[in-house]
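To start, the structure itself, in structure tokens.
The values are calculated or read from the model by the stated rules, or taken from the named source; none is laboratory data. The structure displayed is predicted, hence computed values, not measured ones. For neighbour counting, all protein chains shown are included, and Cβ atoms are generated from backbone atoms with ideal geometry for every residue, glycine included. Side chains included, ligands, DNA and RNA excluded: accessible areas come from the protein's heavy atoms. Shrake-Rupley method; radii C 1.70, N 1.55, O 1.52, S 1.80 Å.
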Amino acid sequence: MTEAILLVGGQGTRLRPVTVNTPKPMVPAAGVPFLAHQIARAAAAGVTHIVMATCYLAEVFEPYFGDGSAFGVSLEYVVEDEPLGTGGAIRNAARRLTGGPDEPVLVFNGDILTGLDIAGLVDAHRAVDADVTLHLVRVEDPRAFGLVPTDPEGRVLAFTEKPQTPEEIVTDQINAGCYVFRRGVIDSIPDGRPVSVERETFPGLLASGARLHGVTEDTYWLDLGKPESFVQASADLVRGVVSSPAVPGPRGEALVLPGAKVADGALLSGGTVVGVGARVEAGAVVAGSIVLDGAVVGEDTRVTASLIGSGASVGSRTVLDGAVIGDGAVIGSDNELRAGVRVWCESELPAGSVRFSSDR
Ligand code: GDD
Ligand code: MG
């Protein structure tokens, strides 16, 4: 039996401005709430018991995930009154674990999509008898992450969360947000107060001589902090660039959910999702995008790498590229929205109001 804690809380967890009330883990990626992919991937790796550590009301998650049986796991929810930070959340959730002090406990950040060999990480942890084993990836710009230099054997030498000075950037290896803890180590995290596992627990463990082991696996890895990455993750799941048992359909260029209407002559590609009851009109070209439930894409409109929120509508001959359209927004015809533009939920943009190209 392998147990896991899933961290789903903290700041900035609504995919603003796409959804008014839905926390990001519940916004659909490849047709299902993002968290479903993490749970399904963990289950496929042999995890049998997951404790979800949240600061939200469990009502957000329970109607969809229930007791986890649909995913083949036993799922429990622990709700913090006040956000306890990553370490505090792990400590708090550990009350529900059943394994002994030497058992491995997986911990996942809830905003990461990865192709990591989860069972392999647990094996590596056991092989070196580590206190904590961390999955590490290499990135071009490590500044927004936890820096984790290691020696040639994988022993972690330091942990620097979000380096502030150039001197602190000593490696391009970063914490990928998936750990294996020895259960007893979790019990040493202070109880009942906010604790950052990155700023307090890991540096403290290193100072006390604990064995932190890093496994650098250059696998698919995407941090979903930005809406652009969320759209990318969804497209990659649909195309099968990264696999998840939770994708509700075969891998391919597009996933069209039940009740969606795609007109003849509309073109879907690049892992596009068309949600329940959504409509894509004739001549529209939609690539690598998410069209959420009940949204409408007008005739001859071109949508690339964009997210169109639930019930939003986009008029004819409009261009969206790298755009995020909030739930219920109404975009008139003949607009051109590019380059990370975000349209707030329920806003209205009249026809022909915005363009990026010349005024011809
Ligand atoms: N339950 C609970 N309570 N969860 C929390 C809390 C809390 O108080 N605070 C954060 N979390 C959850 C977040 O929802 C997320 O899933 C995870 O813990 C990490 O927190 P983030 O706020 O997303 O941190 P980050 O993205 O700035 O940095 C983290 O992730 C990077 C990889 O994406 C760190 O772990 C970095 O070291 C790491 O490189
Ligand atoms: Mg994050």
Inset, instruction - Pop a pseudo-label 7 angstrom from the Cα along the beta-carbon direction at both Asp129 and Asp67 and give the gap in nm to one decimal. - result: 3.9 nm
Inset, instruction - May I ask you to give the percent of accessible area on the range 28-133 that is carbon plus sulfur, with a probe radius of 1.4 Å? - result: 51 percent
Inset, instruction - Considering Cα pairs under 8 angstrom that are at least six residues apart, work out the relative contact order of the range 80-204 and quote it in whole percent. - result: 42 percent
Inset, instruction - Could you do me a favour and compute the accessible area per residue for the chain, 1.4 Å probe, result in Å²? - result: 42 Å²
Legend entry - Calculated FRET efficiency for the pair Asp264/Ala44, C-beta based, R₀ 41 Å, to 0.05: 0.65
Inset, instruction - Considering Cα pairs under 8 angstrom that are at least six residues apart, work out the relative contact order of the range 190-346 and quote it in whole percent. - result: 13 percent
Legend entry - Within the range 3-223, percent of DSSP bridges classed antiparallel, to nearest 5: 50 percent
Legend entry - Partner aspartates and glutamates for Lys162 [C-alpha distance under 19 Å; skip if fewer than 8 residues away on the same chain]: Asp111, Glu140, Asp141, Asp172, Glu198, Glu200, Asp223
Inset, instruction - Could you sort 177-185, 86-94 so that the peptide with the highest average Cβ count within 10 Å comes first and the rest follow in order? - result: 86-94, 177-185
Inset, instruction - May I ask you to derive the relative contact order of the range 3-223, considering only C-alpha pairs under 8 Å and at least 6 residues apart, and to give it as an integer percent? - result: 24 percent
Inset, instruction - Could you give the size of the charge dipole of the range 3-223 about its Cα centre, using +1 on the Cβ of each K and R and -1 on the Cβ of each D and E, expressed in debye and rounded to the nearest 20? - result: 300 debye
Inset, instruction - Could you tell me which of rounded, prolate or oblate describes the chain, using a ≥ b ≥ c as the square roots of the eigenvalues of the alpha-carbon gyration tensor, with rounded for a/c under 1.5 and, failing that, prolate when a/b is larger than b/c and oblate otherwise? - result: prolate
Inset, instruction - Would you mind calculating the gained length between Arg95 and Ser333 on full extension (0.36 nm times residue separation, minus the Cα-Cα distance), in nm to one decimal? - result: 80.2 nm
Inset, instruction - Run the dipole for the range 57-97 about the Cα centre, Lys and Arg Cβ at +1, Asp and Glu Cβ at -1, nothing else charged, and hand back the magnitude in debye, nearest 20. - result: 240 debye
